[in-house]
Each structure stands twice: as structure tokens, then as C-alpha cells.
Amino acid sequence: MAEDAILGYLATHEEIPDSGQFASQHGLHHNDVVNVIKSLHGFRYIDAQDIKRESWVLTDEGKKYAAEGSPEVQLFLAIPSEGSIAKDELQKKLDPSLFKIGCSQAGKNKWVDMGKQVSRKVQHVEDKVKDLLIRIQDGQTLGKEDINSLRARKLIVAQTWKGYSVSKGPNYAPKRKKVATDLTRENLQRGDWKELEFKEYNFNAKGPPAEAGHLHPLLKVKQQLKNIFLQMGFEEMPTNNFVESSFWNFDALFQPQQHPARDSHDTFFLEAPSTTRELPEDYVQLVKRVHESGGYGSRGYMYDWKREEANKNLLRTHTTAVSTRMLYTLAKQPFAPKRYFSIDRVFRNESVDRTHLAEFHQIEGLVCDRGLTLGDLIGVLNDFFSRLGMSKLRFKPAYNPYTEPSMEIFSYHEGLKKWVEIGNSGMFRPEMLLPMGFPEDVRVIAWGLSLERPTMILYGIDNIRDLFGHKVDLSLIKRNPICRLGIN
Amino acid sequence: MPTVSVARDRLFAALGRSYTQEEFEELCFNFGIELDDVTTEKAIILKERHLEDDNSSLDDEVIYKIEVPANRYDLLCLEGLAQALCIFNGHEKIPRYTVANISKESMLKMQVKKETSLIRPFVVCAVLRGIAFDEARYNSFIDLQDKLHQNICRKRTLVAIGTHDLDTLQGPFTYEALPPPEINFVPLKQVKHFRADELMEFYKSDLKLKKFLHIIEKSKVFPVIYDRNRTVLSLPPIINGAHSAITLKTKNVFIECTATDLTKAKIVLNTMVTTFSAYCERKFEVEPVEVISFDGNSSVYPDLSEYNMEVPLSYITGSIGVPLEVDEVTSLLNRMQVHAEQAGLGGNNINVSVPPTRSDILHPCDVMEDVAIAYGYNNIPKRKLSSLKPLPLNQLSDLIRYEIAMNGFAEVLTWILCSKKENFEMLNRKDDKTTAVVIGNPRSSDFEVVRTSLMPGMLKTVGHNKDHPKPIKIFEVGDVVLLDEKKDVGASNRRLLAALYCGANSGFELIHSLVDKIMEVMGTPFVPVGNSAGYYIELSDEPEFLSGRQAKIIYKGRRIGIFGIVHPEVLNNFDIPDPCTFLELDIENFL
């Protein structure tokens, strides 16, 4: 009703100057008119400007006096027109608060003589207060003095009146269209989509969260690294064997039995199964000899090599244990060059902190060929790491029991403005390769790094436990970018 | 990797020059050690005692903590480090260590008793004569024993070192193994006599020593060394006797190393004597001691002989990948403390003599590595192995495809060619002849133009799958072709991504979510309108979409795509009875 009235009125008029007047002219409640104005404004059918007016309304006390008369008049009328009345008597005739106010106002007006006996001073009075209050009730305006005196007696209070002036808006139409939040199949079927008015979208907010599947960021990086290795012509090694013997994990790599890495502080040894069932005996003899007394041009470590140490089972501390088995198998065949890689779990008996876990992923690559040089190693490392976005590399001499030369790989970190160690590399020692049966000119260059470290740098994670394990926040897994390693 | 703490100023004095920290780090890097930390004596003590800086008179001399390779025992003290770096810098020659030439009769003797084989069978000894200690040298002497005990000695299990003031003792010495109650002496830092078994009990509360007790605790006999007067030199590997303790004034030092591994005992002894013979009256000379086994076999220690190898030049250059001449290789090796010379005139082999300090050199490959280090790893030219590079655009396309499929969308593969009508009119678009490649000889109207959008193919797919249960969620990543004056042929491909939802409702919000997801996986943040650091969306006004129900995607300030409710007229053109929301964006922008 109000909506039709407003839109209809605007069809022939420029504006509605005052919603209050409009309401009373059209016999509408102003509140209804205001609600319609707000709604039409939201859909921009109309433009609306606020109007504010101050007005006076009666308090409860004021309303009472407007109906019953002011206390002073009530008091006056209770006094007999002739003679006097005892004050106590008079008091009994009136309400106590009325009596009190009436006495004070009637006294002030010099209408009565107050004493033990009360009598009229004048014979006739007018109830001006009541008249004023009734005029305010009727919406009339009063003089300043009258207002002030009524306000002082708390018979009236100020009230702000709100209304609008209204004109046509950009979407003005004489009749409102249907409001919809979405286009539905029914709209298409009925063909009423043309009349539909849509609620505006809020493009400043994102859409609702999508229902979707997600892959773990560490494995996304692993996948990209795997692609990089494949593009570089590397074959994946089978690394699905976590339990390994000390022999393949250490001894076959020419890692001496007293080496600190073989301490229980660093390696998980097994209670069950505690030892390996078998080892290739001929090869074991060759490994024992090279540890004890060298050969192949080496002086060896010169100590008593113990079979019991080699038999001890452990959780592999590096995937190089697998590389060793692969190379051993390779050496038994007529020589053919190979490139191998793996990315899989390794285990260290370490206390867990921000940068260390008892298990993590090792990335390993190796090239086995005749006549390989350190130049080849540096070349392949540059190729590999530049695909990871690290093209500024340098190499530091280092020590590793099974590689010689050994090189630590450093990359210049543009953000940190310094060189950071990113991996290890080297050439496998002849004491490792020759007992396997490789020809003397066959060399193996290899490198390794953790999967976690580059991933943490990539995704800006500084606590490894936030990346990998059961304490990981699922929203990390749901909210991370694709791994773009190898795409540049 | 072991870490050695050295006073910076003493180190620089020994190196004959001072370095800035960066210069020193560079030197370390090239040599293969690492400046791990820079601190002060004061800071270390305060940290140990958990104290705040109390402005006390503690020493604030700068300390360098240097990490050295685990097999370079010769670098475990300032003297060894300084010598190695001086020689590396070419400022010093490699010392030749000698064993004093004295007759067997006048040599000190160590008799080894049979029972020692039950617990700790080996002992090797030597004497440093006329050594001049000062406080710094003395501390370094003690520290080196500590470092060796920690590392090669494997916490004294393999080898334990005892050093004694020889002038308080009288040879010959005996190395015995006795039942603990029979051993009785005043141990170092104590004033009263202890029986060995009591002593073990006593040390159970000693923080430093208790961790070594297990090595002999369970044995029926304990190893012990006596002099001729039955003075106890040491109860290895636990403690020395107080009687023969060395002091700053000690002139002649007797060193004994007891061991379960003879090779390591020899290395430890050699490391001690070669390093500190530099402070002896006869520099680099060590007095030998004869060790006589219970079976009468006799050996003289230390064995300071050099280990000789003949290494072919071709092995070295062929492994490093740098063509070097013999004399270049020999001078590089000399910088690494390895004696080297040409084997025979004009020969292509190199005679290498490894001094007793370089026990890490086992094989010619170790020599080769030293040549490479001295040459500089970072000067070696790289050789590239064959490898392939994938096309970034296709790799990225694939990664995005997987992500969208994981959001529950099925991939479609539609035709590149379509009719003009499908590409324009049916999409409410006007053909202004500036976008589409037009085919001159189409066999049918299906193949008039090359698509400029993935939209017709997607809508045709939905139109032909009216009976498929709703909702339908499909996507395609594929190329469109646009006229392009910058190209020789006048047209170029663009890689677009399109996704479409069709159901009872428009699915606008679902496609909006997909837009957010795509941006998230591209690592792009959602930003306020006008910000070019990420992406935002803005109302758009394209005829193929319903007015007010469409938005353009702005990425780094560029419009890269659009999504919206497909206009009902367009739906009608493709005979689709259900509302659809369509997304299309150019993924080449992400490269």
C-alpha cells in the first residue's frame, strides 16, 4: 500500500518533500512509510534524504495533568469557596505528591493563604498548565517561556522526529520487480527472468570455501622434483624398504664401524628383527678386507672389522643404502651408464625440534659412468638446482666417509642476502665402488638433500612440525599453492 | 663435525695477518672449514652459569668457533689450524717431523703385561723434550686432548691419552692390568689415596668422569701404568695420578695412549706430538719410547714415517676435469700439507708423501680431492650432462588441471573449430572482425572459424548432455586463437581455462569459490579493488552474461578473465534449459 502510494506519487511528482506529511495526507502510519522507503532505497528505486525535527512530547506526569488538571488547580478546587479548611483536612482529600506540588504552585501563584487553616485568596482560577499540555499533545507550537516552565516541571521532554524526503532513484519504476538472489531453472521455465531484480553481489568478499580435495604440500614438491629428475634422465630407485642392515647402510659405503653416525645416538637399531638373515658372503669378504687393510690403492682403516656390527639391523639412515644395493647389482652386469634418483623416508635417532624430526625425506640423485669428473658433478648440480630456482651456487670442501671429493652445496638466498647450505654431494670412494666389481674408470657422482628444507623455504614455514606429521594444521594442507618447481 | 674454539687474535698472530670476518669466512670456505660462531670467553662463561652480563672482569677476548672435518684430527687445536692455513696460504712450508735419533739402550721403555689384553691391550708412548709452555699453549695442550677424546677416541673407549711431567717419574714403565683393590694412588686433583674400586665409586658423582666409568667398571682387572718406583702414572681411561701432573713449568712431557684400537692410538699419539713438537727445543723432533710386549715383541713409537703413494697425473686431472701439469699439481698438494714431486724425470706420475699429520689420506682419491680443494672447487669448469626442459606453459596447465579436477570438475576436450554463429551471435556477441581467424574453405558451417573462447564448446557439451544428472561441473584448459598483428602469420594462440556449472540454480557462488581456489593455488592473495599486488573482482558488463550477475577478474592490475551467470538468451541459443555459470580466464598470465 505504502509502496504503491510512494512509487505512484513519484510517477507524477518530482518529490515527496516530507514523509511525515505524506503519511498523514495518505492516511498511512509513518513507520510503514519509512520501512518502504528504506527497502526501495536499497534497490535504488528512489533516493531518500534524511529529515530530522525536534518536537516536544508529554511525560507520563504531563499526560496525567493534561487529563485531570494541574495539581495547583486540583488543590484550589478542594478548598471551599467561602471560609477555610484545616490543612490536615485538605491533605486527606488529595494524593500526597499532588498535595505537595499543588501547595507549592498555588502558593507561588498567590491563589491561596497557607497556614493551619487554608483559604482561597481569589475566587476564580484558570488551568493554564493543562491548556498548554493539551496544545502540545495536539502538535501545536508554544512560546519559549511556556516550554521552559513545562520542561522545568518535567511535564514535557524533547523528541527527535525522523523522516525522509524522497525522489526518483536510478532504478525507478512505477512498480517494483520481483527480487531474487539467484537465477533458477523455474525462472527459465516460466520465462520470468526478464522481470527479475537481483540483489547486488558483494564482490569485496571472497566466495564461500570450496568443497575440494587437496594434496599434501610436501608431496606436491616431491612430485615436481620427481619430474625434474625424469627430465634429467634419472631412473627411480625402489626405496620401499625402511629396514636395512648396517652392512648396506654403512659398511658397504666404506663407513668405518666406529664412525659416530653408527652410535645409537644417531641411528635407530632394531630389537626385532635384530639382525639380517643373510648378506652376499663373497662381497662381505671384500668389504671386510677393504675396511681392515685396504687394497684397490687404499691403506684402509686398519681396524678389526666385526661381522656382528654389520649384521645389526636398523631403520635406514639414508637412501644411499638403496643406492648401494643398486650399484652392487649394476656392477654385476656388463657395464652400462646409469642415472638413479629416489625421494623417500629416512630415520635418525634425533630429538625433535623446530628443524629436526626423527624421520624425514631424503632426495638423492646419482650418476654412474666412465670418466666422470668433478666438473660433471658441478654441472649436474647446477642443472638440478637451477630448475629449483637456485642458479647461484658455490661449493665448499667437506668430509663424508663414502665420498671423496665431498662438496657441500651452498646457494645464494636473495631474501636472506647470504649463502645457505642446501645439500651435500661428492664422488663415491673407490673403496666403495671397486669391491662391488666396477671397472676402475667408472665413477659415481651423487648428491643429496632433504625434501623438507626446500619445501619450508618455498612455503614460508619455519617449524618442520608444522609441515609434516600429525600436528600439522589441516588448513595448511587445504590452503597452499601448487608447487611450480621446475617451471621457469 | 667437531668445533674448535680459538682466540681470534692469537690465530691471526699465528697466520701473520689479521682478517675481517668476511675475509676469514672466505678463507675457511675455500679450505673446507667453517666459522660457526663468534663469541667471547665472557659470553661463554655467562651462558654456562646462566648469568646476565654483570660487567665483571671476565675476559672479553674474541673467540672463533670453527667447525672442522671429522677426519682432520690435526685441525683440532689452534696450532694445527694455524699451520694448515699458513701452508694453504703459501706462507709456510710443510714441516718434516723427525724421531730423535737415540740408541735403543738409552730409550725409555714401556713393558706391557699380559693381563692388559683382557681389558685394553695397546699402549703407545712418546716424549716431548724441552717443551716451552705458556698459559695459552698449556691450555691448548689440554684442549687438544679433550677434543681427541671426544672425537677419534670415541669418548675414551678406543683411546685414552695420559700426559705426564717426565721429570717426576723414572722409567722403565709398566703397563699392567690388576684387580682394582690392588691399585692404590692419589688421583689428579685429589690429595688422598684411593683404592681403584673406591675411586670408581667416588667418581660416580663426578659429572665429567662418570661417563667414562662404564669402559672398565665391569672388568675383573683395571689397566694401570706404573713407573719403576711403582708410582701410578694413570688409571686409563679414567684418570691420571696426581704425582706426575704437568704444569706450566713442565719441561719434558711423557705421553702415553692406551687403546683398544692400535691404529687410532698411533694417530692420536702422532697428532699430540706433531702439534706440540713445534714448541720443543728441537722443533718438530720427538723422542721415541720402546714398547715391549709380554711376548717379547718390541715396537718403537711414535711412527712418524710418511706414507708414500705414486699417483698418476691422469687420475687426478681425469677425476677433477681440469687439465693440470705435474708441477701445478705438486704445488697445489704442497699447499694442502702433502709432500709431492714428479716421479722420475718427465714422468706423468706424482710421488706423494703423506706426513703423519694427514692420517685422513687413505687413497689417491684423497690426494685428488686435496688438489681440487687447492685449485678451488669453484674454479672447476662445469660440464653439463644431457637433460630435457619441459615447456613451462604445458607444465603449468597440467598442474592447474589437477587442481580443478580435485575441486570436483570433470574435464572436457572440445573442438577448436566452430561456426561463426556459435562463436559470436549465439553468445550475444558482435563479430567486429578483429578477433577470430576465419577459415576460407570450410567443408561445413561447423568449421568456419577458430574459437576465440572456450565458451561455445562448453555450452554445446551441456546442451548435448541434457539428460545427464545435474549439477554438471565441467572444465577445459585449452587454446584459442586471436588475430595478432605482432605475429608473422597475423594470429597467435592463448591458453585459456574455462569452467562451467549447470544445475537447478546458477551456481554462481560455486564458480566464485573456484576462482578464489585457482588464485590461491597460484599463490595470489585477494586484495582490495585497485591494489595490484594480487587479484580482485569487479562488476562487468558483457552480453553473454546476465546483467549484474557477472564479474571480471583483475590480476596484478590486468583483466585476465570473467565469470557470470550465462544470459538466458544464450542458454536458449544452445538449447540449455538450466541455469549455468561460466568462468573463463587466461592462464598465460600466471607464467
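Figures for the structure shown
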read-out	value
Within region A:266-290, tally of residues that are in contact (Cβ under 8 Å) with a residue 40 or more places away in the chain and over 23 Å from A:Pro435 (Cα atoms)	6
Within region A:436-457, considering residues that are under 27 Å from B:Tyr402 (Cα atoms) and surrounded by fewer than 20 Cβ atoms within 10 Å (Cβ to Cβ), the one modelled with the lowest pLDDT	A:Ile457
Some residue of region A:394-404 being at the interface with chain B (Cβ under 8 Å from one of its Cβ atoms), over 22 Å from A:Leu230 (Cβ atoms), out of contact with any helix residue (DSSP H, G or I) (no Cβ under 8 Å at 6 or more places or on another chain) and without any contact (Cβ under 8 Å) to a residue 60 or more places away in the chain	yes
Residue selected from region A:219-250 under the condition touching a strand residue (DSSP E or B) at 6+ places or on another chain (Cβ under 7 Å) and in a helix (DSSP H, G or I), by the criterion surrounded by the fewest Cβ atoms within 10 Å (Cβ to Cβ)	A:Lys226
Residue list for region A:409-441, restricted to those being more than 10 Å from chain B (Cβ to nearest Cβ) and charged (D, E, K, R)	A:Glu414, A:Lys417, A:Lys418
Residue check, A:Gly294 more than 58 Å from the chain's Cα centre (by Cα), within 14 Å of chain B (Cβ to nearest Cβ) and surrounded by 17 or more Cβ atoms within 10 Å (Cβ to Cβ)	no
From the options B:Ile361, B:Ile320, residue that is within 14 Å of chain A (Cβ to nearest Cβ), of a type in the set (Val, Ile, Thr) and within 30 Å of B:Pro121 (Cα to Cα)	B:Ile361
Residue in region B:369-398 that is surrounded by the most Cβ atoms within 10 Å (Cβ to Cβ), counting only those that are within 7 Å of chain A (Cβ to nearest Cβ), hydrophobic (A, V, I, L, M, F, W, C) and touching a residue at least 12 places away in the same chain (Cβ under 8 Å)	B:Ala372
Every residue from region A:347-365 that is surrounded by fewer than 19 Cβ atoms within 10 Å (Cβ to Cβ) and among the small types (Gly, Ala, Ser)	A:Ser351, A:Ala358
Hits in region B:4-38 - residues which are among the polar types (S, T, N, Q) and surrounded by fewer than 16 Cβ atoms within 10 Å (Cβ to Cβ)	B:Ser18, B:Thr20, B:Gln21
Residue check for A:Met302: within 54 Å of the chain's Cα centre (by Cα) and surrounded by 15 or more Cβ atoms within 10 Å (Cβ to Cβ)	no
Residue among B:Val268, B:Val289, B:Val300, B:Val273 that is at pLDDT 95 or above and surrounded by fewer than 22 Cβ atoms within 10 Å (Cβ to Cβ)	B:Val300
Hits in region B:525-557 (condition: part of a loop (DSSP other than H, G, I, E, B), in contact (Cβ under 8 Å) with a residue 40 or more places away in the chain and at the interface with another protein chain (Cβ under 10 Å from one of its Cβ atoms))	none
Count - residues of region B:334-346 that are within 14 Å of chain A (Cβ to nearest Cβ) and in a helix (DSSP H, G or I)	1
Positions within region A:168-205 being surrounded by 15 or more Cβ atoms within 10 Å (Cβ to Cβ), part of a loop (DSSP other than H, G, I, E, B) and within 11 Å of chain B (Cβ to nearest Cβ), in sequence order	A:Asp182, A:Leu183, A:Leu196, A:Tyr201, A:Phe203
Candidate set from region B:575-591 (those that are within 27 Å of B:His468 (Cβ to Cβ) and of a type in the set (D, E, K, R)); member that is farthest from the other protein chains (Cβ to nearest Cβ)	B:Glu584
Identity of the residue in region B:193-227, exposed (fewer than 13 other Cβ atoms within 10 Å of the Cβ) and touching a residue at least 12 places away in the same chain (Cβ under 8 Å), that ends up nearest to B:Ser117 (Cα to Cα)	B:Lys220
Candidate set: region B:18-45, residues that are touching a residue at least 12 places away in the same chain (Cβ under 8 Å) and of a type in the set (Val, Ile, Thr); chosen: the one farthest from the other protein chains (Cβ to nearest Cβ)	B:Ile45
In region B:539-566, residue surrounded by the most Cβ atoms within 10 Å (Cβ to Cβ) [restricted to those that are of a type in the set (Phe, Trp, Tyr) and under 21 Å from B:Pro525 (Cβ atoms)]	B:Phe563
Scan of region B:69-83 for residues that are under 21 Å from B:Cys153 (Cβ atoms) and either among the small types (Gly, Ala, Ser) or in contact with a Phe, Trp or Tyr (Cβ under 9 Å, 6 or more places away or on another chain) (or both), ordered by number	B:Pro69, B:Ala70, B:Asn71, B:Arg72, B:Cys77, B:Glu79, B:Gly80
Unmet criterion (only one of (1) in contact with a Ser or Thr (Cβ under 8 Å, 6 or more places away or on another chain); (2) within 21 Å of B:Ser277 (Cβ to Cβ); (3) not aliphatic (A, V, I, L, M)) for B:Thr98	(1)
Test for A:Gln223: is it more than 28 Å from B:Glu509 (Cα to Cα), within 14 Å of another protein chain (Cβ to nearest Cβ) and in contact (Cβ under 8 Å) with a residue 60 or more places away in the chain	yes
Among (1) surrounded by 19 or more Cβ atoms within 10 Å (Cβ to Cβ); (2) closer than 30 Å to B:Ile404 by Cα; (3) within 14 Å of chain B (Cβ to nearest Cβ); (4) of a type in the set (A, V, I, L, M, F, W, C) - the single one A:Phe468 does not satisfy	(3)
Extreme residue, modelled with the lowest pLDDT, among residues of region A:102-143 that are within 60 Å of the chain's Cα centre (by Cα) and of a type outside the set (Asp, Glu)	A:Gly139
Any hit, region B:179-187, residues being over 30 Å from B:Gly296 (Cβ atoms), of a type outside the set (Lys, Arg), surrounded by 18 or more Cβ atoms within 10 Å (Cβ to Cβ) and out of contact with any Pro (no Cβ under 8 Å at 6 or more places or on another chain)	yes
Selection status of B:Leu514, within 12 Å of another protein chain (Cβ to nearest Cβ), outside any helix (DSSP H, G or I), touching a residue at least 40 places away in the same chain (Cβ under 8 Å) and within 19 Å of B:Ala410 (Cβ to Cβ)	no
Of the criteria (1) outside any helix (DSSP H, G or I); (2) under 42 Å from the mean Cα position of the chain (by Cα); (3) more than 13 Å from A:Gly448 (Cα to Cα), which one A:Ser386 fails	(1)
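The values are calculated or read from the model by the stated rules, or taken from the named source; none is laboratory data. Being a predicted model, the structure only gives us computed values, none of them experimental. Heads up, the Cβs are rebuilt from the backbone with ideal geometry, glycines too, and the neighbour counts pull from every protein chain shown.
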